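Trainee: Structure incoming, see below.
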Amino acid sequence: MRRPTAVLLVLALTGCGAGEVPEPEPTGITATAVPSSPEPARSKTVSLSCGDTDVHLAAVPAELRRAGSFAHLASLARRLDVDGLIWRRNDEHLYVGVVCGVRTAEQFATLVARSTLTAYKGRPALRWTTKRGLRNFMWLERPGTAVYIGATPGLAPQIRHIAAGVSAGLGQ
């Protein structure tokens, strides 16, 4: 029963033109960080890939320093390829990545347990907060590619800004 309801909700939200990044709801998810040496964030565009699709991030705040990468999201209901980067400022962290392999809105709607289904720019989106307070937002950019943004409370206001600067296209 959940699947038809999820699909109907996605279609209803898309028809309403919901385009704002919603406030998150509590659930449990963590990103596994792979540490690297910190380096200042550059103003240049950062790209992440899912197969033939490149996702470009135009808006990473300059005061953040690059702090590694991640390849796993613990909250996903099934194992999918994840390619992500981590930035930090003091004890605050910002996670931006792509989740590869989700083809349909129905699959996407059931990807994270206890998440809230909404829409972003006419596309299905999920939002949730972990037990440790990490705010998470993810939308299905195109079949096979979802964009993920997570932030600790101090950087949570950046989610909307970063989401607005995301563009996707076919890779070269």
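The values are calculated or read from the model by the stated rules, or taken from the named source; none is laboratory data. In this text the structure is predicted, and so the values were computed from the model without any measurement. For neighbour counting, all protein chains shown are included, and Cβ atoms are generated from backbone atoms with ideal geometry for every residue, glycine included. Heavy atoms of the whole protein, side chains included, go into the accessibility calculation; ligands, DNA and RNA do not. Shrake-Rupley method; radii C 1.70, N 1.55, O 1.52, S 1.80 Å.
Trainee: Looking only at the stretch 114-139, count how many residues are free of Cβ contacts under 8 Å to residues at least 24 places away in the same chain and either in contact with a strand residue (DSSP E or B) (Cβ under 7 Å, 6 or more places away or on another chain) or open to solvent by 30 Å² or more (accessible area, probe 1.4 Å) (or both). It would help to see each step written out before you state the result.
Mentor: Step one: of the stretch 114-139, the residues free of Cβ contacts under 8 Å to residues at least 24 places away in the same chain are 126, 133.
Keeping just the survivors that are either in contact with a strand residue (DSSP E or B) (Cβ under 7 Å, 6 or more places away or on another chain) or open to solvent by 30 Å² or more (accessible area, probe 1.4 Å) (or both) gives 126.
Result for the stretch 114-139: 1.
Trainee: Can you tell me how many residues within the stretch 55-68 are buried (at least 19 other Cβ atoms within 10 Å of the Cβ) and in contact with an Asp or Glu (Cβ under 8 Å, 6 or more places away or on another chain)?
Mentor: Looking only at that region, the number is 1.
Trainee: Which of (1) under 16 Å from residue 139 (Cβ atoms); (2) of a type outside the set (Lys, Arg); (3) within 15 Å of the chain's Cα centre (by Cα); (4) at pLDDT 60 or above does residue 21 not meet, given it meets every other one?
Mentor: Evaluating residue 21 over (1) under 16 Å from residue 139 (Cβ atoms); (2) of a type outside the set (Lys, Arg); (3) within 15 Å of the chain's Cα centre (by Cα); (4) at pLDDT 60 or above leaves (4) as the failure.
Trainee: Considering only the stretch 69-113, state which residues are in contact (Cβ under 8 Å) with a residue 24 or more places away in the chain, open to solvent by 10 Å² or more (accessible area, probe 1.4 Å), farther than 20 Å from residue 132 by Cα and outside any loop (DSSP other than H, G, I, E, B).
Mentor: The answer is 81, 82, 83, 100, 105, 106.
Trainee: Since residue 110 meets every condition but one in (1) over 12 Å from the mean Cα position of the chain (by Cα); (2) closer than 18 Å to residue 161 by Cβ; (3) polar (S, T, N, Q), which condition does it not meet?
Mentor: Result: residue 110 passes all but (2).
Trainee: Suppose the filter is at pLDDT below 95, in contact with a Phe, Trp or Tyr (Cβ under 8 Å, 6 or more places away or on another chain) and not acidic (Asp, Glu); does residue 114 pass it? Break it down stepwise before answering.
Mentor: Working: at pLDDT below 95: yes; in contact with a Phe, Trp or Tyr (Cβ under 8 Å, 6 or more places away or on another chain): yes; not acidic (Asp, Glu): yes.
Here the answer is yes, as residue 114 does meet what is asked.
Trainee: Being assigned to a strand (DSSP E or B), crowded, with 23+ Cβ neighbours inside 10 Å and touching a residue at least 40 places away in the same chain (Cβ under 8 Å), is that true of even one residue in the stretch 151-161?
Mentor: So far as the stretch 151-161 goes, yes, one or more of its residues are assigned to a strand (DSSP E or B), crowded, with 23+ Cβ neighbours inside 10 Å and touching a residue at least 40 places away in the same chain (Cβ under 8 Å).
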